[in-house]
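Here is the structure we will look at, set down as structure tokens.
The values are calculated or read from the model by the stated rules, or taken from the named source; none is laboratory data. Since the model is a prediction, treat every value here as computed from it, not as a measurement. Backbone-built Cβ (ideal geometry, glycine too); neighbour counts: all protein chains shown. These area figures cover heavy atoms from the full protein model, side chains too; ligands, DNA and RNA do not enter into them. Shrake-Rupley method; radii C 1.70, N 1.55, O 1.52, S 1.80 Å.
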Amino acid sequence: MNHPLPETGPDRQFQSHVADGHLWIQHCSDCGGAIFHPRVLCPHCGSLALEWRRASGRGTVYSRADLIQKPKPGETEPRHHALVLVDLDEGPRMMSRLPDVAPEEIRIGMRVQARIAGDPGEYAVVFDPEEAAE
Ligand SMILES: [Zn+2]
């Protein structure tokens, strides 16, 4: 019999936490640092004492990069996407998208609210403008 090993790494823990629809990030019990992406070791002090806490999900757009994708078969216009870096209120900076906002309408400094998108086991964190999320 050949059973795969159980997936217990930090990314797997992240997936099970955000299944409640909220953004969770790790906090270091030793130095108090907030951590994203999920890790085994605190990137600030090397501690292993990391705990999961529900984050506010609020943040500020730090930067935006526009990507233009070739048209898919059957489409005539190229697709525009924007990748954003969001500074969470808890501290960590994360790369994400604002799927419902046109790239040119994403402003640096815009207040945003996290949303959990995707399917179980493959959840991704995306953002909406904070005004629209209230
Ligand atoms: Zn630490």
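Results, tabulated for the structure shown:
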| read-out | value |
| --- | --- |
| Helical mean residue ellipticity (222 nm; -39500 (n - 2.57) per DSSP H run of 4+; nearest 500) of the chain | -2000 deg cm²/dmol |
| Cα Rg, Dmax (largest Cα-Cα span) when computed across the chain, Å | 17.1, 55 |
| Segment His80-Ser56, extension gain: residue separation times 0.36 nm, minus the distance between their alpha carbons | 5.7 nm |
| For the chain: accessible area per residue (Å², 1.4 Å) | 63 |
| Value of Rg/Rh across region 74-134 [Cα atoms, Kirkwood radius] | 1.00 |
| Rounded percent of accessible protein surface that carbon and sulfur make up, the chain, 1.4 Å probe | 51 |
| Pairwise label distance in nanometres, Met95 with Arg39, each label 7 Å out on the Cα-Cβ vector | 1.7 |
| Extension gain (nm, one decimal) between Ala124 and Ala65, 0.36 nm per residue minus Cα-Cα | 19.4 nm |
